[in-house]
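Written below as structure tokens is the structure these notes are about.
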Amino acid sequence: FFKKSIDKIKAALAKTKKIAELFQIGRKIDEAFLEDLEERLIMADVGLDTTKYLIDALKSSYKDKEIKEKDQILTFLKENLKERLTQKGNELKLNEDGPTVILVIGVNGSGKTTSIAKLAHHFVQQDKKVLLGAGDTFRAAAIDQLEIWAERIGIDIVKHKMGSDPAAVAFDAVQAALSRESDIIIIDTAGRLHTQKNLMKELQKIHNVLKKKIPEAPHEVLLILDATIGQNAITQAELFSAATPITGIFLSKLDGTAKGGVVLAIQNQLDIPVKFIGLGEKCEDMEAFDSEQFVDALLS
Ligand code: GDP
């Protein structure tokens with residue numbers, strides 16, 4: 001199973017492969033090699049700080065003649081990147097005594113609806129009973145799309161009509177989940193960052209309503225970030241963080257981007273763990289984030 005998912009991540013990272021490629025072509029180790037590596041790390045959106053740290057360390061080891069082989073550089077990169085990515089808390093917090101409530105936030109187009117479907121499918125695979133709350137009442141399409149996914153996956157959805165109060169949807173979703181004995185409730189929200197004050201109010205209201213039914217809810221607030229926007233994802237995360245506490249990041253669209261290194265930048269610059277990665281458009285195209293696996297896939 002582990003092997004299968006690492007191959008999937010490797011395939012998804014194909015466009016970020018420029019780093020690994022450098023080690024596969026017959027190049028000798030010299031200053032130019034390290035400069036080329038630096039450029040490739042930057043192009044992959046690993047982040048300037050991390051890149052500078054890695055390249056400075058490598059250059060000084062090279063000058064001291066400690067590094068002679070490509071394999072030594074690769075090992076150094078792997079160890080360092082794994083160390084940077086390893087942190088506590090990238091497991092999902094589950095409620096032991098009742099339904100787990102997951103609130104999902106993110107801008108429109110980030111892959112929010114698809115990522116919710118992926119999460120739902122993931123839990124259904126684990127024999128959990130899942131219920132969706134169509135809390136993005138701002139867009140009719142968001143409600144429709146979520147309903148299509150719910151039908152496809154075979155799970156319940158609670159929805160109101162477009163324009164209704166998202167907190168009322170959240171309330172009804174929790175109520176339904178409690179009476180139907182669901183294990184997981186995933187609640188969508190509107191992704192309107194440009195009205196940050198409203199967003200903050202709306203999310204606060206949802207929080208309050210949830211807490212009335214389940215005091216510790218939401219157990220998770222997942223922010224969907226689109227990996228293809230690279231470093232801009234950091235700015236987006238900072239804006240959302242100002243509106244609500246975030247417990248984890250779901251990094252969507254890691255496939256098809258040359259900026260897969262952004263996982264490192266996110267981890268380095270934000271104090272929020274990446275919990276899931278999206279690797280395609282289908283509901284199976286998701287992996288729980290594993291730092292060792294990710295670095296191995298990135299550099300092999
Ligand atoms: P929303 O507006 O944020 O709800 O975004 P959607 O879920 O509708 O996704 C927007 C587009 O991104 C759709 O075409 C999805 O199929 C696509 N998408 C979402 N997640 C992924 C992913 O992990 N990989 C790829 N390649 N496409 C994705």
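Kindly indicate whether G278 is modelled with pLDDT under 90 and either near the ligand (Cβ under 9 Å from one of its atoms) or of a type in the set (D, E) (or both). No. Could you give me the residue pairs with C-beta distances under 6 Å whose first residue belongs to the range 131-152 and is over 20 Å from A176 (Cα atoms), whose second residue is acidic (D, E) wherever it lies, and which are 6+ apart or on separate chains? As it stands, the answer is A142/D136, since those pairs meet every condition given.
Scanning the range 159-171 for residues that are at pLDDT below 95, open to solvent by less than 10 Å² (accessible area, probe 1.4 Å), away from the ligand (no atom under 16 Å from the Cβ) and more than 16 Å from I116 (Cβ to Cβ) turns up nothing. Scanning the range 101-130 for residues that are of a type in the set (A, V, I, L, M, F, W, C), under 14 Å from I249 (Cα atoms) and either in contact with a Cys (Cβ under 7 Å, 6 or more places away or on another chain) or within 13 Å of the ligand (Cβ to nearest atom) (or both) yields V104, I105, V107, I116, L119. Report, by residue number, each residue of the range 230-252 that is surrounded by 24 or more Cβ atoms within 10 Å (Cβ to Cβ) and either free of Cβ contacts under 8 Å to residues at least 24 places away in the same chain or at positive phi (or both). Within the range 230-252, none qualify.
Pairs are defined by a Cβ separation below 6 Å, a sequence spacing of at least 6 or placement on different chains, a first member in the range 183-212 that is more than 30 Å from Q126 (Cβ to Cβ) and open to solvent by less than 40 Å² (accessible area, probe 1.4 Å), and a second member that is assigned to a helix (DSSP H, G or I) and of a type in the set (G, A, S); the pairs so defined are L199/A243. Within the range 258-271, the set of residues being within 15 Å of the ligand (Cβ to nearest atom) and either modelled with pLDDT of 90 or more or crowded, with 22+ Cβ neighbours inside 10 Å (or both) comprises K259, G260, V262, V263.
Selection of helices (runs of 4 or more DSSP H) fully inside the range 16-96 by the criterion of at least 1 residues being of a type in the set (D, E, K, R), free of Cβ contacts under 8 Å to residues at least 40 places away in the same chain and farther than 19 Å from A258 by Cα returns 31-43, 48-63, 70-85. If you take the residues in the range 103-128 that are farther than 16 Å from L193 by Cα and of a type in the set (V, I, T), which one is surrounded by the most Cβ atoms within 10 Å (Cβ to Cβ)? Only one residue tops the list, namely I116. Kindly indicate the residue of the range 131-158 that is open to solvent by 50 Å² or more (accessible area, probe 1.4 Å) and under 17 Å from G191 (Cα atoms) and also nearest to the ligand (Cβ to nearest atom) among those meeting that condition. Taking the candidates together, the pick is Q145.
The values are calculated or read from the model by the stated rules, or taken from the named source; none is laboratory data. Everything numeric in this text was worked out from a predicted model, so none of it was measured. Glycine also receives a Cβ, built like all others from the backbone with ideal geometry; neighbour counts cover every protein chain displayed. For the accessible areas, the whole protein counts, side chains as well, though only heavy atoms, and no ligand, DNA or RNA atoms are used. Shrake-Rupley method; radii C 1.70, N 1.55, O 1.52, S 1.80 Å.
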